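Chemist: Please see the structure below; I have some questions.
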Amino acid sequence: MSDTSLAEADDASCIERSRREPEAFAEVFRRHAPDIKRYAVRRLGGDAAEDVVAETFMAAFRQRDRYDLARPNARPWLYGIATNLMRRHVRTEVQQWRLLERTGTDPVTAPFTDRSDERISAEATRRNLAGALAALPKGHRDALLLVVWGGLSYPEVAQALGVRVGTVRSRVNRARKKLRAELGGINPMAIVSEEPVHE
């Protein structure tokens, strides 16, 4: 398989090839590292995110022989590895949310924002949201943020977390209800799903 056809192959084909030619795994990294990094930065901040991304792809590379080749898309697998690795950084994540709650400064959006009145109002709402996210049970927060920031479908989140789709639906639904209550009826999805970093 040439480099051109590798770029056009699905993830499973790249992973299968990497079992014989380890350098082929670089294509999986090229495809998914930016999204995994963005997700990790949103949850943990820059320093811890760099570690999580590196650890995610090292773990994926080591586990590539066990990857289910019937799954053409490796995104859920990679997000699952990253989410599991983030569990070691739970305190860092909660500290990030508490910092945002106290200061209103989001470590991802701060370098890209101006200080308009509308922005200041949105920051106040996000501060409340940050506190509510920090208070969510870990499983609920993981499910919600994999859907909203990871862009995964419910079945993909179920695969990433190793739970049933019904469990994902329940966790996301409970997280949304709790966040809506904490925000005084404001739709939390409109705030959580804001994408400050443009591709």
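The values are calculated or read from the model by the stated rules, or taken from the named source; none is laboratory data. This is a predicted model, so every value here is computed, not measured. In this analysis, Cβ positions are derived from the backbone assuming ideal geometry, glycine residues included, and neighbour counts consider all displayed protein chains. Ligands, DNA and RNA are stripped out before the accessible areas are found, and what is left, the full protein with its side chains, is counted by its heavy atoms. Shrake-Rupley method; radii C 1.70, N 1.55, O 1.52, S 1.80 Å.
Chemist: State which residue pairs qualify: first residue open to solvent by less than 50 Å² (accessible area, probe 1.4 Å) and inside region 52-79, second residue among the polar types (S, T, N, Q) and not in a loop (DSSP other than H, G, I, E, B) in any location, beta carbons under 6 Å apart, and separation of 6 or more residues or different chains.
Modeler: Listed pairs, sorted by first residue: 64/18; 76/159.
Chemist: Moving on to the next point. Please tell me if residue 67 is modelled with pLDDT of 95 or more, closer than 21 Å to residue 153 by Cβ, in contact with a helix residue (DSSP H, G or I) (Cβ under 9 Å, 6 or more places away or on another chain) and hydroxyl-bearing (Ser, Thr, Tyr).
Modeler: When the stated conditions are applied, residue 67 passes them.
Chemist: Say whether the condition of being touching a His at 6+ places or on another chain (Cβ under 8 Å) and open to solvent by 50 Å² or more (accessible area, probe 1.4 Å) is met by at least one residue in region 173-184.
Modeler: Yes; the residues of region 173-184 include at least one that is touching a His at 6+ places or on another chain (Cβ under 8 Å) and open to solvent by 50 Å² or more (accessible area, probe 1.4 Å).
Chemist: In this structure, is residue 12 at pLDDT 95 or above, in a helix (DSSP H, G or I) and of a type in the set (A, V, I, L, M, F, W, C)?
Modeler: yes
Chemist: Name the residue that is surrounded by the most Cβ atoms within 10 Å (Cβ to Cβ), counting only residues in region 134-148 that are closer than 15 Å to residue 86 by Cα and among the hydrophobic types (A, V, I, L, M, F, W, C).
Modeler: Per the criteria, the residue is 143.
Chemist: For residue 179, are the conditions met, namely being over 16 Å from the mean Cα position of the chain (by Cα) and of a type outside the set (Ser, Thr, Tyr)?
Modeler: Yes, satisfied.
Chemist: Determine, yes or no, whether residue 93 is closer than 30 Å to residue 15 by Cβ, assigned to a helix (DSSP H, G or I), at pLDDT below 80 and acidic (Asp, Glu).
Modeler: Answer is yes for this residue.
Chemist: Which residue pairs have Cβ atoms under 9 Å apart, sit 6 or more places apart or on different chains, and have a first residue in region 146-167 that is part of a helix (DSSP H, G or I) and a second that is among the acidic types (Asp, Glu)?
Modeler: Listed by first residue and then by second, the contacts come to 146/156; 147/156; 157/142; 160/142; 161/142.
Residue-wise test of (1) under 19 Å from residue 147 (Cα atoms); (2) not basic (Lys, Arg).
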{"site": "10", "(1), (2)": "no, yes"}
{"site": "24", "(1), (2)": "no, yes"}
{"site": "34", "(1), (2)": "yes, yes"}
{"site": "37", "(1), (2)": "yes, no"}
{"site": "47", "(1), (2)": "no, yes"}
{"site": "54", "(1), (2)": "no, yes"}
{"site": "59", "(1), (2)": "no, yes"}
{"site": "82", "(1), (2)": "yes, yes"}
